Amino acid sequence: MFAGVDIGSVSSKAVIIDRGEVLAFSLLPTSYDRQESGAEVLKLALDKAQKSKGDIKYIVSTGYGRRAFASADKVLPEIVCHARGTKFLFPEVRTIIDIGGQDSKVIELDEAGGVVRFEMNDKCAAGSGRFLEVLTERILNLPLDELGPLALRSSKRLTLSSVCTVFAESEIISLLSEHTAKEDIAYGISRAIARRVIGMGAGGQVSYNEPIVFSGGVARNIGVVKAIEEELGKEVVTPQEPQITAALGAAIFAGEHSQ
């Protein structure tokens, strides 16, 4: 058995594979102690698989906290792990859009699954899950999981003039004071993050070849999925568990490196 541990800025993920099949996976919020986060999420996955750490032959870590995880046999960048994990789930994938809690990335792959080019935003809340969280929970006073279904009920394709979280916040407050429907604002938020991420990739000359796979925690938001499809004019698919692709890729690499 082999394990991949992805210690992200918001959540940590672990995947255990056995003979090329996913045996178990887990997800926990990342604490200030990255080493502890990695250890806890791996233990949870092992408990689910009814195995112990001694059963794991090789561990690869990835993500922001990858170098803090002392139990890893090897450390790899998250871009290559995202590519490998997504390729395992969707063999024909050519473009990956990944939007997490604190960053977003667009990755173009060749036919063999190799990374051709990528663009990443990790210095600004715009284009990340944090953008959605702030505007939805603090301004609209809605639970984050209600934003997607609400956006799909919009009858007006509202566009926010700014993708900056601070300026968008002020703009939404003005829209609410003008009695703009919440569902239209919800779609505007979804469209803003879609445009931000797509524009970031286009600026890096990503071609957005199909199939396009949307991963990360924000991929659970059906409003953002719809907005990305409308902006690109192309179909987008999402994994059943969109947050574990990098950890899965790390686990696959663990199996290869151990040999």
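The values are calculated or read from the model by the stated rules, or taken from the named source; none is laboratory data. On a predicted model such as this, the values are computed, not experimentally measured, just so you know. Every residue, glycine as well, gets a Cβ built from its backbone with ideal geometry; the counts of neighbours run over all protein chains shown.
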query = Tally time: how many residues in region 104-118 are under 20 Å from P242 (Cα atoms), over 14 Å from the mean Cα position of the chain (by Cα) and either in a strand (DSSP E or B) or in the same structural domain as I252 (by TED's automatic domain parsing) (or both)?
reply = 4
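Does region 6-16 contain any residue that is touching a strand residue (DSSP E or B) at 6+ places or on another chain (Cβ under 8 Å) and hydroxyl-bearing (S, T, Y)? Walk me through it before giving the result.
Here is the first cut: in region 6-16, the ones touching a strand residue (DSSP E or B) at 6+ places or on another chain (Cβ under 8 Å) are 6-7, 10-16.
Okay, now just the ones that are also hydroxyl-bearing (S, T, Y), so 11-12.
Yes, some residue in region 6-16 is touching a strand residue (DSSP E or B) at 6+ places or on another chain (Cβ under 8 Å) and hydroxyl-bearing (S, T, Y).
Restricting region 177-219 to residues that are outside any helix (DSSP H, G or I), hydroxyl-bearing (S, T, Y) and at pLDDT below 95, which is surrounded by the fewest Cβ atoms within 10 Å (Cβ to Cβ)?
Step one: list which residues in region 177-219 are outside any helix (DSSP H, G or I), which gives 178-181, 204-216.
Narrowing further to those that are hydroxyl-bearing (S, T, Y): 180, 207-208, 215.
Filter again for at pLDDT below 95, leaving 180, 207.
Details: T180: 15, S207: 12.
Ranking the qualifying residues of region 177-219, first place goes to S207.
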message = Under 9 Å between Cβ atoms, which residue pairs at least 6 apart in sequence (or on different chains) link something in region 230-259 that is among the acidic types (D, E) with a partner that is part of a loop (DSSP other than H, G, I, E, B) and at pLDDT below 95?
response = E230/R157
key: In region 59-89, the residues that are part of a loop (DSSP other than H, G, I, E, B) and surrounded by fewer than 19 Cβ atoms within 10 Å (Cβ to Cβ)   = A70, S71, D73, P77
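For region 121-144, indicate whether the set of residues that are assigned to a strand (DSSP E or B) and under 21 Å from E231 (Cα atoms) is non-empty.
Initial filter on region 121-144 (assigned to a strand (DSSP E or B)): 121.
Restricting the remaining residues to those that are under 21 Å from E231 (Cα atoms) gives 121.
For region 121-144, residues assigned to a strand (DSSP E or B) and under 21 Å from E231 (Cα atoms): present.
Residues to consider are S258, S207, S215; find the one that is within 20 Å of R84 (Cα to Cα), more than 18 Å from the chain's Cα centre (by Cα) and not assigned by TED's automatic domain parsing to the domain that holds G85.
Working: S258 fails: not assigned by TED's automatic domain parsing to the domain that holds G85; S215 fails: more than 18 Å from the chain's Cα centre (by Cα).
Every option except S207 fails the conditions.
Per-residue answers, yes or no, for (1) farther than 23 Å from R130 by Cβ; (2) assigned to a loop (DSSP other than H, G, I, E, B); (3) at pLDDT 95 or above:
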| site | (1), (2), (3) |
| --- | --- |
| S9 | no, yes, no |
| V15 | yes, no, yes |
| L23 | yes, no, yes |
| V41 | no, no, yes |
| A45 | yes, no, yes |
| K48 | yes, no, yes |
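So, in region 220-243, how many residues would count as being of a type in the set (D, E, K, R), closer than 27 Å to V22 by Cβ and surrounded by 15 or more Cβ atoms within 10 Å (Cβ to Cβ)? I'd like the intermediate steps shown before the answer.
Taking region 220-243 as the starting set, the residues that turn out to be of a type in the set (D, E, K, R) are 220, 226, 229-231, 234-235, 241.
With the extra rule that they be closer than 27 Å to V22 by Cβ, the set shrinks to 220, 235, 241.
Subset that is surrounded by 15 or more Cβ atoms within 10 Å (Cβ to Cβ): 220, 241.
The qualifying residues number 2.
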inquiry  = If the requirement is being in contact with a strand residue (DSSP E or B) (Cβ under 7 Å, 6 or more places away or on another chain), small (G, A, S) and not assigned by TED's automatic domain parsing to the domain that holds G63, which of these qualifies: S154, S128?
reply    = S128
task = Any chance you could count how many residues in region 101-123 are surrounded by 15 or more Cβ atoms within 10 Å (Cβ to Cβ) and either without any contact (Cβ under 8 Å) to a residue 12 or more places away in the chain or polar (S, T, N, Q) (or both)?
result = 4
remark   = Selection over region 198-242 where residues are within 30 Å of F25 (Cα to Cα) and in contact with an Asp or Glu (Cβ under 9 Å, 6 or more places away or on another chain) yields a count of 19
The one condition in (1) in a loop (DSSP other than H, G, I, E, B); (2) at pLDDT 95 or above that I97 fails to fulfil = (1)
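Restricted to region 149-167, and to residues that are in a helix (DSSP H, G or I) and modelled with pLDDT under 85, which residue is surrounded by the fewest Cβ atoms within 10 Å (Cβ to Cβ)?
Of everything passing the filter in region 149-167, V166 is surrounded by the fewest Cβ atoms within 10 Å (Cβ to Cβ).
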message = Within region 218-252, take every residue that is more than 13 Å from the chain's Cα centre (by Cα) and among the acidic types (D, E) and give me the one that is nearest to G201 (Cα to Cα).
response = E231
